1. Between Ala36 and Ala6, what length in nm is gained on full extension when 0.36 nm per residue of separation is reduced by their alpha carbon distance?
2. What are the semi-axes of the equivalent ellipsoid for the range 1-51, taken as the square roots of 5 times the Cα gyration tensor eigenvalues, largest first, in whole Å?
Amino acid sequence: MTLLAAVVLAEQKGPNPEDVKPGWLGFAVVLALAVAVLLLWLSFRKQLRKIDFEEEPDDPASGDEHPTKA
């Protein structure tokens, strides 16, 4: 009887790959991820603009810093 049940279950086919679609839920998830990435990117740009740094590094001969040897 168990063998018969296994054979019957093995013969049952699932849905066609063309019939399975993500639908509106998949669209909503992808849209939410896109919005999250956009907001993170905008925040990252804002934080980078706050950074104040010199374009040219100071002259190493100024003597303020001592180089360390590894």
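Rule-based calculations on the coordinates, nothing more; no lab input. Remember, it's a predicted structure, so these values are computed and weren't measured experimentally.
1. Between Ala36 and Ala6, full extension yields 6.2 nm more.
2. 50, 13, 6
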